[in-house]
Amino acid sequence: MDAPQQKKRKTSHNLTAESVVQRSSLPRSLRFDKDLNVPAYNHIPNKKLRAQLSRNATQSARAKALLDDAEMLLTEEPGLMQPENDLERTWRVDQTDIEHGAGQDAGRGRREWKLDGGPYRSRYTRNGRHLAIVGSMGHVATFDWKTGTLHSELQLQETCRDITFLHDHSHFAVAQKKYVFIYDRDGVELHCLKAHVEPTRMEFLPYHWLLATIGNAGYLKYQDTSTGQLLTEHRTKLGASSAMAQNLHNAVINLGHQNGCVTLWTPNLPHPAVQLLAHLGPVTSISVDPSTGGRYMATAGRDSTVKVWDCRNWKGAIREWSARGGAAEVEWSARGALAVASGGSVNVYTSPTIQQPIHGSTQPPLYLTHPIPHRPLVSVRFAPFEDPNFDSSEADPFENRKARREKEVKALLDKIQPDMITIDPDFVGSLVEPSKLSITTTSSDGKAAETIPFARLPRLERLRAQGKADEMEVDTDDAAPDAQKLTKEEKERKKMRGKGKSSKRHLRKQLKKVIEPTSIAIRAKVEKQREERKAREKEAAGEKPKKRSALDRFASG
Amino acid sequence: MKIKVLQHDLVAHLPQRPGDPTPMSRNLNPLMHPFAKARERTRALNAAKMDRMFSKPFIDSLEGHVDAVEVMAKQPGSLTTVASGSWDGGVIVHHLARRSQLLHIPQAHAGKVSGVCFSRQGRLFSCGVDRTVKSWNPDDSQTENPQPVAVFSGKSAFNSIDHHNSDPTFATASNLVQIWDETKSLPVSNLTFPTSTETINSVRFNLSETSVLASIGSDRTFTLYDIRTGKAERRVVMQMSSNSLSWSPTFPTTVLLASEDHNLYTFDIRRFDAPTQIYKGHVAAVMSCDWAPTGLEFVSGGWDRTVRIWKEGRGHSPEVYHTKRMHRVSSTLFTSDARFVLSGSDDGNVRIWKANASERLGIVTTRERAAIEYRDSLKQRWKSDGEVGRVIRSRHVPRPVHQAAKLKRTMLEAQRVKEERRRKHTRAGESKPKAERKKLVVVEQA
């Protein structure tokens, strides 16, 4: 850790100058803009534009430099296990060793609850402070897992399949036997979403305020939790699904189906954006890697394989191996560690190796393993912000009541419209492609080309640019020989209706009237080509060109 | 085995004592901020909408004139004192902050009051079509029927008056420009261009080169004079006549003309062949214009019953103000603090507007100020986004103005198409397109 810090210190700027720059204007010689490597816009003649561009460039370069400095402020170092010699293996370390080795405070973070009532599924809030669990027999509990404060505990007395918090711990949704129900923090039932029938899995998109559910009927439904409206429902046509994950970075919903397909969905497309056959059997679990901006996806299927996919290139998994103990549960942590729960243990693999493409189906090197004597393992979740440093403006594990309320309002104001969900989230703020409707012309004498905007084109050119101009009609000469061969009925059938319309007449006249140097040149060229073709045809027919006589010199041309 | 575990230190993340703010911690890793751009765009859109929502520019209207308000003038060195003259011959000195009248002269002139101005000493001068210039003391508000301090009579009706920046002299415009001394009853000198037979509409002293004088006339001319040489220096004949002129307070060579052809023009007086910028937006003749004291903005009022505020150098999409009851705007004024705009119209009212429509008057707290500045920079950054830009640009105008603008657009487009066709069917190189800026000036005379 020492080496990179030294390097950083080298790159940081004159500290004395920086300390006073907030309060005063520095002389030009002391300003650290000089070593920012800002491009000089000397080639731009417009002074105002030049100043604006260089100001923008300086600003962004300075922001970048400050960003480098800000990394030094992250005081809390990431947690990890490092073997001290070649014989040590991280996966040999078990939980009690970690508990002893990590110190008292960190050791207290490890909890274990033994509950009856079927396999449980769990979910953390975005800030990682609160945990919700639901048992398949209908036991629901939400609590602050650090302090052990119980918010609510319900016995719903019916099958429950999934649970998720909404924007924060003040609301949570439970996928129950027939419908999705929304409860508040104290466990009071607020809403029954009857549009979501027999739900199996749920995901909440926090920046769009959307609750997405998939049910046994195979309908993916989006419900806007800020307005209460059912936004869209997509028919997947792939039957029931029991695997669902969201990509945190583009809010795309990944679904795994019974036939082994994985599909990617956005609310504004009625069909999947991506569909791939991932497994030979039902897909049991999906997770998307948040540490690389949603670049990798892990899937596990009933065929007892775990596969890691590159979301930029779907041609085959980059890594696959078989998990012992059948169908697995996969989950990716915020720092890029992949947990695979299968059989009786949870295996954790770390980041660089699981993303390296490899031929064959060998298991990646194991980082950590934890056997659990209870089966089946149906849900595995990483607690957010136990490892990376958090940002209080996004999600704060230590926020108080007032901060939570304020954040709720701010998040509502910043709610992103659902039709902005796409596979590539970077399209916001990028440049629009130039319109294809404008026409670039070169004048005949080879002068500079000028671009005529669509609005300034003459009518015929506009129609042509739109693809609406009827170019067929003008070539009446070419069409004529064919017409002679047609019978009467055919003629009647193929009669060109609407040819004499006033607009068509106008266009035809327009085309003939305008005499432009380019059109003259083109006509001459076409004429020449036609003559050549005729000559060639004659030659092919056997007519030899006449011998030149003495009088030919008087013929023109 | 080395085992490290990240621990969030409670001391660092919780307030030290009850009542302390909770410490913020930042992680600038972009992966920690998904949808940062999309969220910022949403914020920008909200900021643009809020700006339109809060845009309530009208503050008050000052009554008192019986007939249309023809001219207004602000007192130099004062933020609140403004004089207005009307077609009924009355002159009122308003106090803007108190919205009261400091001085009301019901019959200052017989007929229309065609010009008012203040001297540096605070003396008020008014001229009228009754061929007199009268000077008043704005402080004698107690008297029921205030009398002029001095009366200067001329030979023909006066159209405009302006006072010298420092000297006790003033200039009037009738069929010629006359320079008067405050202490003498006859004009000191007559300035006229040799071949001129025009009526001078308006005359203004340059604000920093104080002996330079500019006038506009009814025969479509703009003339420069120097009172030291006592001669007209240069003259420009334009396509259409101008209604008002204003010197820039920050660029001494820049002059602004409000033209009859619906446009405003800024000229650099060192180059008269073309205006430096054309300001297009009004849909009828522009009747008046005035620079903000910062020189970055100016206001114009037009025959189309709108007041428009322009950014210097930006020739399109000005801020538009209008009300149901406001008639033709014949005089406009920027106040000396550049925060307010005044308009005097044919309905006899002087109206006060904010220069920045959505500005909040009154005390603004630091947090609020920070939020406003953040919103402004968001708007600036996202203005080229389609939806945000549309909200920022859209202005509601009365139906007649909207229709007139539509008609004007159609006519100009038709004209352009016709010209283009003509050019296409003439011999190549015979007729060349003329730049819009080169079309204005007909001839330049020295």
>> With the requirement that a residue be in contact (Cβ under 8 Å) with a residue 60 or more places away in the chain, assigned to a strand (DSSP E or B) and among the hydroxyl-bearing types (Ser, Thr, Tyr), what does region B:294-345 give you?
In response: B:Tyr321, B:Ser330, B:Ser331, B:Thr332, B:Ser345
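Starting from residues that are of a type in the set (Val, Ile, Thr) and touching a residue at least 24 places away in the same chain (Cβ under 8 Å), keep the ones in region B:381-418 and report whichever is surrounded by the fewest Cβ atoms within 10 Å (Cβ to Cβ).
That would be B:Val397.
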>> Can you find a residue that is at pLDDT 75 or above and at negative phi anywhere in region A:442-451?
In response: no
>> Going residue by residue through region B:91-101, is there one that turns out to be at pLDDT below 95, among the hydroxyl-bearing types (Ser, Thr, Tyr), surrounded by fewer than 24 Cβ atoms within 10 Å (Cβ to Cβ) and not in a strand (DSSP E or B)?
In response: no
> Among the residues of region A:407-414, is any touching a Ser or Thr at 6+ places or on another chain (Cβ under 8 Å) and assigned to a loop (DSSP other than H, G, I, E, B)?
Replying inline: yes
>> Considering only residues that are basic (Lys, Arg) and either modelled with pLDDT under 95 or within 11 Å of the chain's Cα centre (by Cα) (or both), which ones fall in region B:306-328?
In response: B:Arg308, B:Lys311, B:Arg314, B:Lys324, B:Arg325
> Among (1) more than 11 Å from chain B (Cβ to nearest Cβ); (2) among the hydrophobic types (A, V, I, L, M, F, W, C); (3) surrounded by 11 or more Cβ atoms within 10 Å (Cβ to Cβ), which single condition is A:Leu80 missing?
Replying inline: (1)
>> Condition first: modelled with pLDDT of 85 or more and either over 60 Å from the mean Cα position of the chain (by Cα) or hydroxyl-bearing (Ser, Thr, Tyr) (or both). Now tell me which residues in region A:516-540 satisfy that.
In response: A:Ala535, A:Lys538, A:Glu539, A:Ala540
> If you check B:Gly77 against the conditions, is it of a type in the set (Gly, Ala, Ser), over 30 Å from A:Glu88 (Cα atoms) and either within 14 Å of chain A (Cβ to nearest Cβ) or crowded, with 17+ Cβ neighbours inside 10 Å (or both)?
Replying inline: no
> Yes or no: A:Ser291 within 14 Å of chain B (Cβ to nearest Cβ), more than 20 Å from A:Met202 (Cβ to Cβ) and among the polar types (S, T, N, Q)?
Replying inline: yes
> Which one is surrounded by the fewest Cβ atoms within 10 Å (Cβ to Cβ) among residues in region B:7-55 that are within 10 Å of chain A (Cβ to nearest Cβ) and among the β-branched types (Val, Ile, Thr)?
Replying inline: B:Thr22
> Which residues, counting only those in region B:361-408, are of a type in the set (Lys, Arg), over 19 Å from A:Ser430 (Cα atoms) and part of a helix (DSSP H, G or I)?
Replying inline: B:Arg367, B:Arg369, B:Arg375, B:Arg393, B:Arg399, B:Lys406, B:Lys408
>> Just the residues that are outside any strand (DSSP E or B) and in contact with a strand residue (DSSP E or B) (Cβ under 7 Å, 6 or more places away or on another chain), please, taken from region A:160-193.
In response: A:Leu166, A:His169, A:Ser170, A:Tyr179, A:Arg185, A:Asp186, A:Gly187
> With respect to A:Asp105, is the statement that it is in a helix (DSSP H, G or I), facing another protein chain (nearest Cβ under 10 Å) and over 37 Å from the mean Cα position of the chain (by Cα) true?
Replying inline: yes
>> Return the pair list, or none, for Cβ contacts closer than 8 Å from residues in region A:201-217 that are within 12 Å of chain B (Cβ to nearest Cβ) and within 14 Å of A:Glu233 (Cα to Cα) to residues that are basic (Lys, Arg) and buried (at least 22 other Cβ atoms within 10 Å of the Cβ), at least 6 apart or on different chains.
In response: none
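Identify the residue in region A:77-96 that is assigned to a helix (DSSP H, G or I) and without any contact (Cβ under 8 Å) to a residue 40 or more places away in the chain and, among all such residues, is nearest to A:Pro365 (Cα to Cα).
Going through the qualifying residues, I end up with A:Arg92.
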> Only one residue in B:Thr210, B:Thr199 is at pLDDT below 95, within 25 Å of B:Asp268 (Cα to Cα) and out of contact with any strand residue (DSSP E or B) (no Cβ under 8 Å at 6 or more places or on another chain), so which one is that?
Replying inline: B:Thr210
> Based on what the data block shows, is A:Asp391 within 11 Å of chain B (Cβ to nearest Cβ) and either more than 22 Å from A:Tyr207 (Cβ to Cβ) or not in a loop (DSSP other than H, G, I, E, B) (or both)?
Replying inline: no
> Scanning for something in the same structural domain as A:Ala132 (by TED's automatic domain parsing), of a type in the set (A, V, I, L, M) and over 19 Å from the mean Cα position of the chain (by Cα), does region A:206-227 turn up at least one residue?
Replying inline: yes
> With (1) part of a helix (DSSP H, G or I); (2) among the acidic types (Asp, Glu); (3) modelled with pLDDT under 90 as the list, and B:Glu430 as the residue in question, which single condition is left unmet?
Replying inline: (1)
> Looking at region A:342-361, which of the residues that are under 22 Å from A:Pro78 (Cα atoms) and part of a loop (DSSP other than H, G, I, E, B) is nearest to the chain's Cα centre (by Cα)?
Replying inline: A:Gln355
> Does A:Thr149 count as surrounded by fewer than 16 Cβ atoms within 10 Å (Cβ to Cβ) and either more than 14 Å from chain B (Cβ to nearest Cβ) or at pLDDT below 95 (or both)?
Replying inline: yes
> What strands (runs of 3 or more DSSP E), lying completely within region B:206-279, carry at least 3 residues that are farther than 22 Å from B:Asn190 by Cβ and touching a Pro at 6+ places or on another chain (Cβ under 7 Å)?
Replying inline: B:263-268
>> Which residue is surrounded by the most Cβ atoms within 10 Å (Cβ to Cβ), if the candidates are limited to region A:279-300 and must be among the small types (Gly, Ala, Ser) and at pLDDT below 95?
In response: A:Gly294
> Just to be sure, is B:Phe222 crowded, with 18+ Cβ neighbours inside 10 Å, of a type in the set (Phe, Trp, Tyr), within 23 Å of the chain's Cα centre (by Cα) and over 30 Å from B:Pro148 (Cβ atoms)?
Replying inline: yes
> Can we say A:Pro364 is touching a strand residue (DSSP E or B) at 6+ places or on another chain (Cβ under 7 Å), crowded, with 16+ Cβ neighbours inside 10 Å and part of a loop (DSSP other than H, G, I, E, B)?
Replying inline: yes
>> Being touching a helix residue (DSSP H, G or I) at 6+ places or on another chain (Cβ under 9 Å) and away from chain B (no Cβ under 14 Å) is the filter here; which residues of region A:228-266 pass it?
In response: A:Leu231, A:Thr232
> Looking at region A:108-120, which of its residues are surrounded by fewer than 13 Cβ atoms within 10 Å (Cβ to Cβ) and either more than 13 Å from every other protein chain (Cβ to nearest Cβ) or not in a loop (DSSP other than H, G, I, E, B) (or both)?
Replying inline: A:Arg111, A:Glu112, A:Trp113, A:Lys114, A:Leu115, A:Asp116
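The values are calculated or read from the model by the stated rules, or taken from the named source; none is laboratory data. For clarity, every value in this text was computed on a predicted model and none was experimentally measured. Heads up, the Cβs are rebuilt from the backbone with ideal geometry, glycines too, and the neighbour counts pull from every protein chain shown.
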